[in-house]
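Each remark here refers to the structure printed beneath this line.
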Amino acid sequence: MSIPLITVLIDTYNHQFFIEDSINSVLKQDFPASETEILVVDDGSTDGTAEVVRKFAPRVRLLRKINGGQASAFNAGIPEARGEIVAFLDGDDWWAPGKLTAVTEAFGAHADVGLIGHGVTEVYPDGRQRTEVPCEVSRFRITSTEEAKTFRMQRGFLGTSRMVYRREILSRIGRVPESLKFEADEYLFTLAGLFADVMILPESFTFYRLHDGNLFQLTSGDAQATRRKQQILVALAQSLQEKLKQSGIPFEIARTILECVEVEADLLRLVVDSGFPWETVSTELRIMRVFHGDASIWQHLFSCVRLIPALMLPASTYYRWRRQLSLLAFYQKCRRNLLPFPVPSHVERREKLAP
């Protein structure tokens, strides 16, 4: 059997209603089937996911394992990948036509690039879509604090169903800590930027499906899900810190990389476990600096005004008030028409209404 150029690695858990769309989106790519290997890692599904995948045999190879989370699925699948290039896809997402051709052409033209990402289209249950793409091709390697800042602003284009690696980069990174039941993708793409150039293509090739089963959807305010997310983020920060230290990464670069994970973990801790008012204010100001540094002066002023109640309320009470406020139709209309949520200057956002 010839060695494929690309392995498509699909990780899945209880996606019986979605996995067929994912696989079909790969099969419909305008890329030679003879150069494409499709490997599905079923992370212990308890529904009919495996039966759906088996319908595609022998074109699709199924690897079943005991449930252990995203990191364990990656650790099971990556050593089985035979392609020079490994493209990841979640079992509830799907790709747009032309993705594999675009990334293989980019790898062929740029030998120093070890990881490619691209724009993404979020698909809501009611059919609404929101697309975010970079305004232009971006390329960087994390060799300085400025490049680390570029990375943390571009990391949203590097999630599981977007990231495509040269296999040698995955080999250099090694196994993913299995404490990362999710967020294993961030462990991989963070470290990849240390070993090779990262390129972000200005097209959306992934449809990211939002549904009740998404492990990290926190919009419902569920305390247990929020705490689980917070604990995973703490584990991610610790795992990355250890790996960065082992790799001899300078302190300032490491701090810049880790700050975006740590501030998210701090925010979720305050949401579920509460904290002092000064912690809320400090965390919110860090979020504005790290993620919205190029927001308008009006956006910054609005954020400061919104923090006034935080000076007097325990953290969990403040965030509960903010969530209730965000659900009001009047507030949503005001935000949409007067002060829309800030979009980074390097990102283009398009919205499509439900049919």
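The values are calculated or read from the model by the stated rules, or taken from the named source; none is laboratory data. Remember, it's a predicted structure, so these values are computed and weren't measured experimentally. Positions of Cβ are generated from backbone atoms using ideal geometry, with glycine treated the same way; all protein chains shown enter the neighbour counts. Accessible surface is based on the protein model in full, side chains and every heavy atom, while ligands, DNA and RNA are left aside. Shrake-Rupley method; radii C 1.70, N 1.55, O 1.52, S 1.80 Å.
Odds and ends about this structure:
- Pairing residues of the range 303-323 that are hydroxyl-bearing (Ser, Thr, Tyr) with residues that are open to solvent by 60 Å² or more (accessible area, probe 1.4 Å), at Cβ distances under 7 Å and at least 6 apart in sequence or on separate chains, gives no pairs at all.
- First in the range 331-355 and surrounded by 12 or more Cβ atoms within 10 Å (Cβ to Cβ), second anywhere and among the hydroxyl-bearing types (Ser, Thr, Tyr) and part of a loop (DSSP other than H, G, I, E, B), Cβ under 8 Å, 6 or more apart: PRO342/SER296
- Filtering the range 92-142 to residues that are surrounded by 13 or more Cβ atoms within 10 Å (Cβ to Cβ) and without any contact (Cβ under 8 Å) to a residue 24 or more places away in the chain leaves nothing.
- Filtering THR121, THR150 for residues that are under 30 Å from HIS211 (Cβ atoms) and not in a loop (DSSP other than H, G, I, E, B) leaves a single hit, THR121.
- Candidate set: the range 290-321, residues that are surrounded by fewer than 16 Cβ atoms within 10 Å (Cβ to Cβ) and either touching a Gly at 6+ places or on another chain (Cβ under 6 Å) or of a type in the set (Lys, Arg) (or both); chosen: the one farthest from MET153 (Cα to Cα): ARG320
- Within the range 10-31, the set of residues being surrounded by fewer than 19 Cβ atoms within 10 Å (Cβ to Cβ) and touching a residue at least 24 places away in the same chain (Cβ under 8 Å) comprises GLN16, GLU20, ASP21, ASN24, LEU27, LYS28, ASP30.
- Neighbours by Cβ (under 8 Å, 6+ apart or cross-chain): first from the range 255-281, surrounded by fewer than 19 Cβ atoms within 10 Å (Cβ to Cβ); second not in a helix (DSSP H, G or I): SER274/PRO314; GLY275/PRO314; PHE276/PRO314; PRO277/MET312; PRO277/LEU313; PRO277/PRO314; VAL281/LEU307
- Under the condition of being open to solvent by less than 10 Å² (accessible area, probe 1.4 Å) and within 19 Å of GLU262 (Cβ to Cβ), the residues counted in the range 190-208 number 3.
- Qualifying residue in the range 155-174 (condition: under 15 Å from the mean Cα position of the chain (by Cα), in a loop (DSSP other than H, G, I, E, B) and of a type in the set (A, V, I, L, M, F, W, C)): yes
- Enumeration of residues in the range 210-234 that are buried (at least 20 other Cβ atoms within 10 Å of the Cβ) and at pLDDT 95 or above: GLN230, ILE232, LEU233
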